[in-house]
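Inspection log for the structure reproduced underneath, given as structure tokens.
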Amino acid sequence: MSEEIRSAFDSAADFFDSNPLSFWERIGKRTVHLAQIGYGGAVLDVGCGSGASVFPAAEAVGTAGRVVGVDLSEQLLALGRDKAAKQGIQNLEFLCRDMTALDYADQTFDAVVSVLSIFFVADMEAQIRKLWAMLKPGGVLAVTCWGANVLEPAMSAWSDIVQDERPDLLSEPSPGDRISSSDELAAMLRNGGADEPIVVEEAGSHVLSSPNDWWSIVMGSGMRGVMDAMTVGEFERVKSRTLEWATRTELATLELNVLYGRSTKPV
């Protein structure tokens with residue numbers, strides 16, 4: 001599974017930071033804000049992508065702190081490193097690592113952050129247990145997941161079109177659907193040993209500048225893995241039908257419901 005994820009997001013890197021996917025940055029900033037990450041802290045960001053939560057965390061901890069972002073995708077990490085270099089930000093690093101194989105000592109970090117990544121792990125509760133152990137007493141674990149009906153109505157339309165061409169590619173549930181309610185996220189955190197988790201559920205939307213933005217989102221997200229598995233003919237038919245649907249329906253907004261979970265480790 002990790003190789004499939006790596007491949008999908010390596011491919012998605014060419015669209016990942018484009019304007020139609022600006023929601024990555026918005027969600028990353030919101031996660032860090034709600035986690036109340038303090039100055040001078042050490043932060044671990046797992047599944048960090050190109051840095052949507054790494055950069056606001058680096059700003060929060062300041063020059064006295066340090067942020068380590070890890071991700072499977074070297075291509076996304078390269079985007080993050082390039083942005084850091086251009087902005088002259090030095091209190092962070094991007095490492096190509098599988099979050100399930102991290103070997104940091106217990107009580108290493110003041111905050112551990114996972115934004116839209118925990119659901120890619122087969123045993124989420126076991127992973128939470130590992131991340132929780134890496135927290136210092138008084139540290140915060142922040143885990144952000146998609147809420148219900150994410151990216152609708154476009155997600156269902158795209159899925160229906162893919163089903164017509166290659167139903168085998170959608171035979172398994174989307175990883176993001178494994179958690180879609182505040183109760184599910186809170187239960188997963190508790191079962192992973194996190195203490196008295198709090199979940200903030202925020203209903204929102206994402207405004208598109210044109211219906212064609214939806215195709216950029218398909219190509220710059222986990223959906224890219226599905227598209228890459230198609231033949232050229234299948235790909236072009238799905239693309240054509242998807243763009244035709246988006247134009248015909250005058251697609252202008254997408255649902256963007258997000259669950260922000262956090263838990264503070266007792267002192």
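The values are calculated or read from the model by the stated rules, or taken from the named source; none is laboratory data. Nothing here was measured: the structure is a model prediction, and the numbers come from that model. Don't worry about glycine lacking a Cβ; one is built from the backbone with ideal geometry, like all the others, and counts go over all protein chains shown.
Residue by residue through the stretch 201-219, note down the ones that are under 17 Å from SER159 (Cα atoms) and either out of contact with any helix residue (DSSP H, G or I) (no Cβ under 7 Å at 6 or more places or on another chain) or not hydroxyl-bearing (Ser, Thr, Tyr) (or both). Give the steps one after another, and end with the answer.
Looking only at the stretch 201-219, we keep the residues that are under 17 Å from SER159 (Cα atoms), and these are 211-219.
Once the filter is applied, which keeps residues that are under 17 Å from SER159 (Cα atoms) and either out of contact with any helix residue (DSSP H, G or I) (no Cβ under 7 Å at 6 or more places or on another chain) or not hydroxyl-bearing (Ser, Thr, Tyr) (or both), the stretch 201-219 yields PRO211, ASN212, ASP213, TRP214, TRP215, ILE217, VAL218, MET219.
Would you kindly identify the helices (runs of 4 or more DSSP H) lying entirely within the stretch 148-235 that contain at least 3 residues that are of a type in the set (Gly, Ala, Ser)?
Details: elements: 154-165, 182-191, 213-219, 224-228.
Helices (runs of 4 or more DSSP H) meeting the threshold: 154-165, 182-191.
Among residues belonging to the stretch 39-62 that are more than 19 Å from the chain's Cα centre (by Cα) and either at pLDDT below 95 or not in a loop (DSSP other than H, G, I, E, B) (or both), point out the one that is farthest from GLY138 (Cα to Cα). Give the derivation first.
The first filter runs over the stretch 39-62 and keeps only residues more than 19 Å from the chain's Cα centre (by Cα), leaving 39-42, 59-62.
After this cut, where a residue has to be either at pLDDT below 95 or not in a loop (DSSP other than H, G, I, E, B) (or both) as well, the list is 42, 59-61.
On the way: ALA42: 12, GLU59: 20, ALA60: 17, VAL61: 15 Å.
The selected residue is GLU59.
Report, ordered by the first and then the second residue, all pairs with beta carbons closer than 8 Å, sequence separation of six or more or different chains, a first member in the stretch 38-51 that is under 12 Å from LEU131 (Cβ atoms), and a second member that is among the polar types (S, T, N, Q) and assigned to a loop (DSSP other than H, G, I, E, B).
Between residues of the stretch 38-51 that are under 12 Å from LEU131 (Cβ atoms) and residues that are among the polar types (S, T, N, Q) and assigned to a loop (DSSP other than H, G, I, E, B), the close pairs are LEU44/THR108; ASP45/SER53; VAL46/SER117; GLY47/SER117.
How many residues are closer than 15 Å to PHE109 by Cβ and either surrounded by 20 or more Cβ atoms within 10 Å (Cβ to Cβ) or at pLDDT below 95 (or both) if we restrict to the stretch 67-93? Don't jump to the end; show me each part of the working.
So the first thing to find is which residues in the stretch 67-93 are closer than 15 Å to PHE109 by Cβ, and the list is 67-70, 91-93.
Cutting the leftovers down to either surrounded by 20 or more Cβ atoms within 10 Å (Cβ to Cβ) or at pLDDT below 95 (or both) gives us 67-70, 92.
The qualifying residues number 5.
Of all residues in the stretch 250-267, count the ones that are within 28 Å of PRO20 (Cα to Cα) and touching a strand residue (DSSP E or B) at 6+ places or on another chain (Cβ under 8 Å). Let's see the steps before the verdict.
Step one: list which residues in the stretch 250-267 are within 28 Å of PRO20 (Cα to Cα), which gives 250-262.
Checking the rest, the ones that are also touching a strand residue (DSSP E or B) at 6+ places or on another chain (Cβ under 8 Å) come to 252-262.
Within the stretch 250-267, residues that are within 28 Å of PRO20 (Cα to Cα) and touching a strand residue (DSSP E or B) at 6+ places or on another chain (Cβ under 8 Å) number 11.
Checking the structure you have, find out if any residue of the stretch 251-267 is surrounded by 18 or more Cβ atoms within 10 Å (Cβ to Cβ), within 24 Å of ASP10 (Cα to Cα), in contact with a helix residue (DSSP H, G or I) (Cβ under 6 Å, 6 or more places away or on another chain) and not hydrophobic (A, V, I, L, M, F, W, C).
There is no residue in the stretch 251-267 that is surrounded by 18 or more Cβ atoms within 10 Å (Cβ to Cβ), within 24 Å of ASP10 (Cα to Cα), in contact with a helix residue (DSSP H, G or I) (Cβ under 6 Å, 6 or more places away or on another chain) and not hydrophobic (A, V, I, L, M, F, W, C).
Being under 20 Å from PRO20 (Cβ atoms), at pLDDT 95 or above and within 19 Å of the chain's Cα centre (by Cα) narrows it down to one residue among SER182, SER174, SER205, SER209; which is it? Give the steps one after another, and end with the answer.
Working: SER182 fails: under 20 Å from PRO20 (Cβ atoms); SER174 fails: at pLDDT 95 or above; SER209 fails: within 19 Å of the chain's Cα centre (by Cα).
Within the list SER182, SER174, SER205, SER209, the selection yields SER205.
Before we move on, is THR108 touching a helix residue (DSSP H, G or I) at 6+ places or on another chain (Cβ under 9 Å), surrounded by fewer than 23 Cβ atoms within 10 Å (Cβ to Cβ), within 26 Å of GLY38 (Cα to Cα) and among the hydroxyl-bearing types (Ser, Thr, Tyr)? Quick ask: steps written out before the conclusion?
Numbers: touching a helix residue (DSSP H, G or I) at 6+ places or on another chain (Cβ under 9 Å): yes; surrounded by fewer than 23 Cβ atoms within 10 Å (Cβ to Cβ): yes; within 26 Å of GLY38 (Cα to Cα): yes; among the hydroxyl-bearing types (Ser, Thr, Tyr): yes.
Yes, satisfied.
Please go through the stretch 164-215 and give me each residue that is of a type in the set (D, E, K, R), touching a residue at least 60 places away in the same chain (Cβ under 8 Å) and surrounded by 15 or more Cβ atoms within 10 Å (Cβ to Cβ), ordered by number.
GLU165, ARG166, ASP213
Return yes or no: is LYS136 assigned to a helix (DSSP H, G or I), closer than 25 Å to ALA101 by Cβ and of a type in the set (D, E, K, R)?
Values: assigned to a helix (DSSP H, G or I): no; closer than 25 Å to ALA101 by Cβ: yes; of a type in the set (D, E, K, R): yes.
Against the criterion (assigned to a helix (DSSP H, G or I), closer than 25 Å to ALA101 by Cβ and of a type in the set (D, E, K, R)), LYS136 does not qualify.
State which residue is nearest to ALA13 (Cα to Cα) when the search covers only the stretch 222-246 and only residues that are buried (at least 17 other Cβ atoms within 10 Å of the Cβ) and charged (D, E, K, R). Can you show your working first?
At the first step, the residues of the stretch 222-246 found to be buried (at least 17 other Cβ atoms within 10 Å of the Cβ) are 222-227, 230, 238, 241-242, 245-246.
Still in the list and also charged (D, E, K, R): 224, 241.
Working: ARG224: 10, ARG241: 23 Å.
Top of the filtered list is ARG224.
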